[in-house]
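> Structure below; questions to follow.
Nothing in this text is a laboratory measurement; each read-out follows from the coordinates by a stated rule. Predicted model, so just to flag it, every value in this text is computed and none were measured. Glycine also receives a Cβ, built like all others from the backbone with ideal geometry; neighbour counts cover every protein chain displayed.
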Amino acid sequence: MIDVLEVNNVSYRYQRKQVLYDITFTVEKGEIFGILGPNGSGKTTLLKLLSKELSVQSGSITVNGRPLPSFSHKEWARFAAVLPQTIDAAFGYTVKETVELGRYAHQHRLLPMWTEEDEQAVDAAIHEVGLTEKAGESIERLSGGERQRAYLARALAQNPELLLLDEPTNHMDITQQLHLLNQLVRSAKEKKLTVIAIFHDMNIASLYCDRLLMLKEGKAVALGTPEELMEPALLHSVFQSPVNKQAHPTVSKPLLAFLPERGLSAIEQRGLPELLTWTTMDDCIAITAAEPLKVLSSALVGSGFQWATHFVNRQVSKDYNREDAELEMKQYLRKRGLPVSSTIGMMTAVDIHDAVCIYEKQDAFSLWAVVTAGVGNAVDAAHAWKRKQFEQKIGTINMMIFIDGTLTDAAYVQAVMTATEAKVKALYEENVLDPETNTYATGTSTDCIVIAATQTGTAFSYAGTITPIGQVIGRVVYEATKEALRRYRKRRDFS
């Protein structure tokens with residue numbers, strides 16, 4: 001790749017105040033390069049130096065190998081476009097007239113002549129920012145976000161090779177932000193437009209930037225890809241705020257969540273048993289948490305990671321069959337007055353009155369497990385491929401495990417593994433067989449598990465079988481599953 005911009009050991013001071021110290025970096029052609037940092041870190045000063053609004057005092061800036069000061073005003077206007085954080089509104093101008101100002105740098109005659117090329121550049125720029133329908137409106141009648149887009153269109157009308165932006169999505173709603181940033185990405189790829197932008201929203205910067213420069217107190221503290229820089233320890237040291245890093249659900253980019261300061265929660269004040277209320281209805285068990293719990297679940301409703309306050313294990317008939325079981329379950333929850341968005345909902349054909357609940361209190365944490373178990377559709381996972389069909393019979397082992405501790409994502413997954421291994425051991429000791437393969441069953445074809453944690457109190461990085469919390473999960477699930485199976489068999493034998 002070709003470096004469009006080279007910044008070497010640039011420093012700057014306003015009178016006696018030093019605001020930048022020996023900043024060095026390069027930007028490649030067609031790259032979207034983000035600048036991050038807290039207020040007062042020197043971001044805007046750096047952008048003003050790159051845009052020639054301020055003169056370099058120390059160090060050097062070169063563009064395509066040419067010293068930045070050697071560019072005339074008009075040469076620079078043809079090469080680079082600038083969108084500062086605040087712009088004096090061109091009151092009395094329409095949107096189109098405002099954008100037309102961006103063609104000034106391309107006028108070569110003493111008496112400017114408007115050309116078809118100019119007209120096409122203006123219309124294209126207005127279209128790119130989504131303001132075609134408002135091209136004839138006065139600039140002062142636009143909303144803040146629309147006005148920002150009009151000024152961006154003016155910059156794009158210059159057909160620059162380099163675009164310098166200071167908080168480009170300022171005043172825009174999320175739809176406008178995504179439209180604008182998606183357009184910048186397309187321009188960078190299709191036109192090899194190089195973009196350097198200051199961002200305050202780190203998730204936006206992570207999603208849309210190829211590389212990032214992070215400043216703190218005028219110094220460059222990190223330079224690299226979002227994957228390299230979006231690390232909690234680094235961000236905490238720069239922004240002085242605790243941060244949690246997660247994976248984006250659809251693209252290979254990190255997502256960040258700043259963590260608010262929390263007072264002593266009701267869970268920490270009262271303990272897990274007092275926070276969970278168990279209600280047995282005619283066809284379901286409903287457990288309500290006084291505060292939201294972070295959940296990893298394979299449930300029909302509320303699968304994956306989410307926060308939830310309601311947990312429902314619903315009993316259905318043996319011949320239950322719906323084309324869209326998830327939709328039907330959501331309708332059921334609404335009829336019960338339960339909030340679908342914060343409810344974990346699972347189904348079983350087992351009598352809910354045979355549910356087993358075991359509570360375990362340790363010095364560092366407490367744990368509450370609820371298990372229903374039926375094995376009419378028992379299956380051996382290792383030999384399931386030999387089955388010719390899966391007949392729907394009464395069954396399903398549903399497990400809900402509540403923990404008053406702080407679990408990492410790894411601990412959630414390991415808790416699922418530990419609970420599953422304990423369940424399999426219980427099935428083995430209860431001599432549960434896959435009826436088609438006549439081998440020991442490892443579960444049923446519709447098993448469901450929920451791991452719910454308060455995310456307060458003791459922190460657990462892991463929950464495998466050799467950890468203290470894993471050992472409790474294993475023993476409690478094993479005991480609860482065995483007892484639930486015995487209750488299931490007893491009811492079946494007497495029915």
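> Which aspartates and glutamates does K253 reach when only Cα atoms under 20 Å apart count, and residues fewer than 8 places away in its own chain are ignored?
Once the sequence-local aspartates and glutamates are set aside, what remains near K253 is E31, D201, D210, E227, E228, E231, D409.
> In addition: Would you mind estimating how fast segment 272-494 diffuses translationally, via Stokes-Einstein at 25 °C and 0.890 mPa s with the Kirkwood radius over Cα pairs, in µm²/s?
140 µm²/s
> Do the sum for the chain: with -39,500 (n - 2.57) for every DSSP H run of n ≥ 4, divided by all residues, what is the mean residue ellipticity at 222 nm, to the nearest 500 deg cm²/dmol?
Working: 14 runs with 152 residues, N = 495.
Per the formula, -9500 deg cm²/dmol.
> When a footprinting reagent is the concern and you count Cβ atoms within 10 Å, what order do H73, H353, H171 take, fewest first?
H73, H353, H171
> Work through the residues other than T175 whose Cβ is under 14 Å from its Cβ and net out their charges, Lys, Arg +1 and Asp, Glu -1.
With Lys, Arg at +1 and Asp, Glu at -1, the net is -1.
> Let me have the relative contact order for the chain, percent, based on Cα pairs under 8 Å that are six or more residues apart.
12 percent
> While we're here: Kindly put D319, D210, D282 in sequence by how many other C-beta atoms sit within 10 Å of each C-beta, fewest to most.
Ranked by crowding around the Cβ, least crowded first: D282, D319, D210.
> Please turn the phi angles of segment 192-198 into ³J(HN,Hα) values with the Karplus equation 6.51 cos²θ - 1.76 cosθ + 1.60 (θ = phi - 60°), one per residue in order, whole Hz, x for glycine and proline.
6, 6, 8, 10, 10, 9, 8
> Among the DSSP beta bridges whose two residues both lie in the chain, what percent are antiparallel, rounded to the nearest 5? Don't skip to the answer; put the middle values down first.
Details: 64 of 95 bridges.
Counting only bridges with both partners in the chain, antiparallel ones make up about 65 percent.
> Could you tell me which of the pairs K52/K74; K48/K74; K43/K96; K52/K134; K48/K219 are separated by over 21 angstrom between their Cα atoms in the structure shown?
Checking Cα-Cα distances, K43/K96; K52/K134 exceed 21 Å.
> From the mean inverse distance of alpha carbon pairs (Kirkwood) and the Cα radius of gyration, derive Rg over Rh for segment 183-268.
Reported Rg/Rh, Kirkwood definition of Rh: 1.06.
> Could you name the aspartates and glutamates whose alpha carbon sits less than 19 Å from that of K318, not counting residues in the same chain fewer than 8 places away?
K318 reaches D282, D283, E326, E328, D351, D354, E391, D434, D447, D493.
> For segment 472-485, take each phi angle, set θ = phi - 60°, evaluate the Karplus expression 6.51 cos²θ - 1.76 cosθ + 1.60, and give the result in whole Hz per residue in order, putting x for glycine and proline.
Calculated HN-Hα couplings, in order: 5, 4, x, 5, 5, 5, 4, 5, 5, 5, 4, 5, 5, 5 Hz.
> Each label point is 7 Å from the Cα along the Cα-to-Cβ direction; what then is the distance between the points at E274 and W114, in nm?
Each label point is offset 7 Å from its Cα along the Cβ direction, giving 7.5 nm.
> From the gyration tensor of the Cα coordinates in segment 222-332, what semi-axes in whole Å does the equivalent ellipsoid have, largest first, with each one equal to sqrt(5λ)?
Each semi-axis is √(5λ); the values are 38, 23, 7 Å.
> While we're on this one: Please list log₁₀ I(q)/I(0) at q = 0.08, 0.11, 0.12 Å⁻¹ for the chain, using the Debye equation with identical point scatterers on the alpha-carbon positions.
Summing over Cα pairs of the chain leads to -0.69, -0.92, -1.00.
> Compute the Rg to Rh ratio over segment 330-453 from the alpha carbon atoms, using the Kirkwood formula for Rh, and round to two decimal places.
Ratio value, two decimals: 1.00.
> So, one more: If R₀ is 41 angstrom, what is the calculated FRET efficiency for the pair R66 and Y14, using the beta carbon separation as r and rounding to 0.05?
Step by step, r from the Cβ atoms, then E = 0.90.
> Treat segment 3-258 as a sphere of radius equal to its Kirkwood radius over Cα pairs and apply Stokes-Einstein at 10 °C in a medium of 1.306 mPa s; give the translational diffusion coefficient in µm²/s, rounded to a whole number.
Using the Kirkwood radius from Cα pairs, D works out to 83 µm²/s.
> Among D434, D173, D118, D166, rank each residue by its count of other Cβ atoms within 10 Å, from fewest to most, as a rough exposure measure.
D173, D118, D166, D434
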